[in-house]
Each structure stands twice: as C-alpha cells, then as structure tokens.
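S.K.: Here you go, one structure.
The values are calculated or read from the model by the stated rules, or taken from the named source; none is laboratory data. Since the model is a prediction, treat every value here as computed from it, not as a measurement. Here the Cβ is made from the backbone with ideal geometry for all residues, glycine too, and neighbour counts use every protein chain on show. Protein only, heavy atoms only, side chains kept; ligands, DNA and RNA dropped before computing areas. Shrake-Rupley method; radii C 1.70, N 1.55, O 1.52, S 1.80 Å.
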Amino acid sequence: MGAEEVYRQNDARLRPYVMARAIDGRVVDGEDLARLRQANLTVDAIRQSLPMGRGNAAADVERTAGESSRSTEAGINMASHLERDAHWNVTLARAAGALLARAANCDGRAALSVMAHTPHVQPGEALYQVTSSKIGHVWAEWRREGNPRLDFALVMDAWMEGPAVFASDGQLSEQPGLTNSYFNFSHVSGLAARAQMDALLSNAGGALQARFMQERLAIPPDFRTAPRLTYSAMSVISRGFELRVQKKLARTVVAPKAARVGVPPKALAAPRSQQMARREVLNDVLAVGVARTMTPGLGIKAAQGEAPELLHAAGHRLRDKGP
C-alpha cells in the first residue's frame, strides 16, 4: 500500500469524528488536525503490526479460533521474562512481547503505541500510559507537559474500536479524576527508549524469537482467555459526546451563532416555522468546512457533494464498532 493510500484511509477513519467535533462547536484544524492525523496513523500502525489480534476480545478470539489468546499469552510470558530475567524496562518488554507475538491485549498495545509514537513527540510534550478506575484497561496518551488535561491530550487506543481522539471525547478519558497515568516518556527519554528497543531487537532478534517460540509451544492448544476476562467490542468515543452531537444535529439554531459560522442571511431571515431548515443550512455549512479542511484545495461544489455523508457518519457512525 502506497503512502498516499495510507493517508487517504487514515483520513477516512477520522472524518466522522472531525465532523462531530465541528457540530459540537470544537473545530479541528491546523496543528491540532496534524497531530490528530499523526496519532491516528500510530493507532492504525499498531493494529496492523498485530494481525493475530487481541487475546481478550471476543471477536478476535472467535476469528482466530483462539489463536489470538494463545499468542497474546505467550507474548505476556515473554515480556515477563524480559523484565524479570533480562532486566528490560517494563514498557520495552511489553512492546517487544507484543511484536514477537503479533498479538496483544490493551497493556501491550499501549506500550507499543508509546514506542511507535516517540519520534513524533516534541520538546515539552510527553507520552503516558493511562489506566481507568472504571474497568481494567490501559491506553496511551500524547500530552503537553504542565497542561496534561487540556484539549491538547490525544488518546491512542489500539484495543478499543475507533480512531485516535482528544481525551475530552474518550469513553474512559473524558473524566480525568477516574484515570491514573504512569510510565511517561518525554521527547528525550522516549527517543532513547525507542533506540534501545530497536537495538535489542536487532542484535538479539534470533535469540528472542527462539525464546518466544518456547513460550508459545508451552501454551496448551485449547487455551483461551477466560470468558469473564473476554470482552465485546467497545468504542473509544464517549457515548455522552455522541448523544450531544446527535441532539445538536436536530436542534433549532440561534440566529447570531449561525451567522458567525457563515449561514447565508436569507436562511437567517426565515420565519420560526422554518427553523429546522436553518439548522440544515448550518449543518451543511459546517460539513463543507470540514470537507475543505480535510482536503485542501477542494472546491465548494465538491465539498457540498461530500456534506451528506459527513453528516450521516457523524450522527450515526461515530461509535461504529465494526461488524
């Protein structure tokens, strides 16, 4: 797959979310859009690098006839060996275990996300692994140091379904008081850790692969993650955010607000009996703006052609969890 196709698919997965943010009055553009795109490329890369899937996701266990559980378990055991016996840093050990297994649960995916994303972290920024006090779950966050909970923070969750999102829109990240952060990497320490992991995998790759195969062969052929620890698909995007967007899509609009975002004067002059028509015009204006932001140089007519699908996706497929 060429780079152009990779970027096209990346944007296709982000478009419903970016549209929903615009409807919610929080337009994503400029630097924020560039960071969101980069974070989503990392999420996609992690998923593609682990084709055996998630060991504790019901869909992956069924798809692989249990192999996702067996490979993940071997990767977990490998990570424990690297941390305990070879004295690897825990994040490096989990990331390496996931890569060797080509499968991982949330903790391995969070560690791998941190290692994969370190080249994109700038001075003053940091990567964290974050846990929830609601459920046993781990993800990665890209933050600005000193301002970790502002809208800068991006969630990279390669276990849950959906794209990279701002932490304020995440199902588990939207309430900072219910999360805990650990194993942070700065611009400098992240690059050093990534270089260390790359060197270890390069210099000892054969031995590591052999040890992993031992771990894999030790897993019983009928092993599967226990049903009580196996989960159905979950969306990374907050249900509250989705409901708010759906309500705004159907709500009548205040004229001054509509004027500020470019709704034509004729539409604003419509009688109250036509207020929903005013809302539709506002939605269309927002969608045209999103289409042109996502595709620089896109003409007005072409952007208008994309508007219906953008609005439908934001209202009905924002938390799409797949088949």
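S.K.: Please work out the C-alpha center-to-center distance from region 79-115 to region 30-63 and express it in whole Å.
M.R.: 16 Å
S.K.: Further question on the same structure: For residue 192 and residue 89 in one chain, what is 0.36 nm times their gap in residues minus the Cα-Cα distance, to one decimal in nm?
M.R.: 35.9 nm
S.K.: So how much slack lies between residue 309 and residue 250, counting 0.36 nm per residue of separation and subtracting their Cα-Cα distance, in nm?
M.R.: Going from the current span to full extension adds 19.6 nm.
S.K.: For residue 202 and residue 9, what is the calculated FRET efficiency with R₀ set at 30 Å and r taken between the beta-carbons, to the nearest 0.05?
M.R.: 0.55
S.K.: Mind running the shape call on region 37-79? Use the C-alpha gyration tensor, a ≥ b ≥ c as the square roots of the eigenvalues: rounded below 1.5 for a/c, prolate if a/b tops b/c, oblate otherwise.
M.R.: oblate
S.K.: Using the beta-carbon distance between residue 102 and residue 280 and R0 = 41 Å, what value does 1/(1 + (r/R0)^6) give for FRET efficiency, to the nearest 0.05?
M.R.: Once the sixth-power term is evaluated, E becomes 0.30.
S.K.: For the chain: lysine pairs with Cα atoms under 22 Å, gap of 8 or more or different chains, count?
M.R.: 7
S.K.: State in Å² the accessible area per residue of region 99-140; use a 1.4 Å probe, count heavy atoms of protein chains only, and round to the nearest integer.
M.R.: I get 29 Å² per residue for region 99-140.
S.K.: Sticking with this one: Residue 11: accessible area at probe 1.4 Å, nearest 10 Å²?
M.R.: 30 Å²
S.K.: Counting only C-alpha contacts under 8 Å and six or more residues apart, can you give the relative contact order of region 48-193 as a whole percent?
M.R.: 20 percent
S.K.: Given the rule -39500 (n - 2.57) for each run of at least 4 DSSP H residues, summed and divided by the residues of the chain, what is its mean residue ellipticity at 222 nm, to the nearest 500 deg cm²/dmol?
M.R.: The helix contribution divided over the chain gives -17500 deg cm²/dmol.
S.K.: Hey, another quick one. Return the whole-Å distance between the Cα centroid of region 131-146 and the Cα centroid of region 210-229.
M.R.: Rounded to whole Å, the Cα centres lie 28 Å apart.
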